[in-house]
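The values are calculated or read from the model by the stated rules, or taken from the named source; none is laboratory data. This one's a predicted model, so the numbers in the text were calculated from it and none came from an experiment. Every residue, glycine as well, gets a Cβ built from its backbone with ideal geometry; the counts of neighbours run over all protein chains shown. Quick note on the areas: whole protein, heavy atoms, side chains included, nothing else; ligands and nucleic acids left out. Shrake-Rupley method; radii C 1.70, N 1.55, O 1.52, S 1.80 Å.
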Amino acid sequence: MVPAAPRPTIKTLSEMTGYSIATISKALRNSPVVTEQTRAAISEAAERVGYQVSLRGRSLRTGKSYQIAVLMPLSVAKSHEWNGVEHAEILAGIAEGLEGSAYRISVQLVRDTEDSMAVVRNIVEAHLADGLIFSGILHDDPRIAFLLERGFPFVTLGRSHSGRAHAFVDIDSDWAAHAATRRLLEGGHRRIALVNPDPSLAYALDRIAGYRRAHAEFGLDPDPALIVGGDLTTRHGKTAALSLRALPDPVTGFVCVNESTALGVLSGLHETGVRVGTEASVIAYDDINASAYFCPPLTTFLLPLETLSRVLAAFMLRILQGEDPATLTHFVRPEAIVRQADRLLP
């Protein structure tokens, strides 16, 4: 049996290139004292022999873990028809954004807000990661307050309403809910439901604000009973549609928080014999672009989660390099994809 070739070391690269071990080490750390020409020569040699930096050794030298913790709600992994698709996109985008750096993702499952706070505290106090990325931001999020107090690097998908400055990537949920609601109002709908997430979430309140603002522009005061908060499941959408259609003055327009709830609404309308496209209209936030294949296809507002997640990773790396987190904010409006007239026909 032929013995395996010894693993290349910094000494191997020194012998190959003629540079000192100190210079090799600095080049691999991207030290500014090493010229670009020297760094390129060392990188080429490292690639040629398959040299890989030992993260364990680097951790021992620097005191860093080279882990970026990403919180993932345990609820997305079970009892959810979409089965965590949104978080899979988020993780994929973050992983892509960290490519080429020394950092890797460490996924931390959390059950609820209390558990999430405990996990965040443990990550910080036990030095389990060098940075933290999370979503599901609350109106006044205690995790954000804790991390700011401790000076621990973090980036969020979404922002709280507390006014505390921090790094975030967020979607203009107010604008999207306003645009969707206004589209239905212009189409003749007057009984419009907002199938929303849990009202403790910051973006749920943003959506309510946009929904109400669109009604106000038409001189209307929306019925609070038509704002239905819940989880992000198809079941939530169907339950909402069945109850809202059973009202004495039934709902004809639906603005849904995602494609999963929109699918549930379509199921509920079908069960009650309501024709979508003539007797009712449904507009959704678009997570995986499945709405084009619904029957009928739905107008949606596209959320490029994977693209936004790459920005999360980029912000995280920039914070770890010393940039001021308060200056790292990215706020986008989703793209409207029109597939229906969304009009109420006589």
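Miscellaneous remarks
- One residue alone among ARG164, ARG183 is at pLDDT 95 or above, charged (D, E, K, R) and more than 19 Å from the chain's Cα centre (by Cα), and that residue is ARG183.
- Pairs where the first residue, in region 227-238, is touching a residue at least 60 places away in the same chain (Cβ under 8 Å) and the second is open to solvent by 50 Å² or more (accessible area, probe 1.4 Å) and not in a loop (DSSP other than H, G, I, E, B), C-beta under 8 Å, 6+ apart: ASP231/SER75; THR234/LEU263
- Pairing each residue of region 192-204 that is more than 15 Å from THR181 (Cα to Cα) and in contact (Cβ under 8 Å) with a residue 40 or more places away in the chain with any residue that is assigned to a helix (DSSP H, G or I) and open to solvent by less than 10 Å² (accessible area, probe 1.4 Å), provided the two are 6+ apart or on different chains, yields C-beta distances under 7 Å for PRO197/ALA204; TYR203/SER173.
- Within region 94-118, residues that are farther than 15 Å from PHE315 by Cβ have Cβ atoms under 6 Å from residues that are among the aromatic types (Phe, Trp, Tyr) in these pairs: ALA102/TYR66, counting only partners at least 6 apart in sequence or on another chain.
- GLU81 being assigned to a helix (DSSP H, G or I), under 30 Å from VAL257 (Cα atoms) and at pLDDT below 80: no
- Residues of region 100-120 that turn out to be on the phi < 0 side of the Ramachandran plot and in a loop (DSSP other than H, G, I, E, B), as a count: 5
- Filtered residue count, region 325-335, keeping only those that are of a type in the set (A, V, I, L, M) and either under 14 Å from ILE94 (Cβ atoms) or in contact with a helix residue (DSSP H, G or I) (Cβ under 8 Å, 6 or more places away or on another chain) (or both): 2
- Every residue from region 94-136 that is among the aromatic types (Phe, Trp, Tyr) and more than 18 Å from LEU157 (Cα to Cα): TYR103
- The criterion of being more than 18 Å from HIS178 (Cα to Cα), of a type in the set (Gly, Ala, Ser), open to solvent by less than 10 Å² (accessible area, probe 1.4 Å) and touching a residue at least 60 places away in the same chain (Cβ under 8 Å) holds for SER260.
- Within region 121-148, the set of residues being assigned to a helix (DSSP H, G or I) and either open to solvent by 30 Å² or more (accessible area, probe 1.4 Å) or over 21 Å from ALA95 (Cβ atoms) (or both) comprises ARG121, ASN122, VAL124, GLU125, PRO142, ARG143, ILE144, ALA145, PHE146, LEU147, LEU148.
- Of all residues in region 23-45 being free of Cβ contacts under 8 Å to residues at least 12 places away in the same chain and either touching a strand residue (DSSP E or B) at 6+ places or on another chain (Cβ under 9 Å) or open to solvent by less than 60 Å² (accessible area, probe 1.4 Å) (or both), the one that is nearest to GLN321 (Cα to Cα): SER31
- Residue within region 176-183 that is surrounded by fewer than 22 Cβ atoms within 10 Å (Cβ to Cβ) and of a type outside the set (Gly, Ala, Ser) present: yes
- When residues of region 184-207 are limited to those that are part of a loop (DSSP other than H, G, I, E, B) and more than 20 Å from LEU247 (Cα to Cα), the one least open to solvent (accessible area, probe 1.4 Å): GLY187
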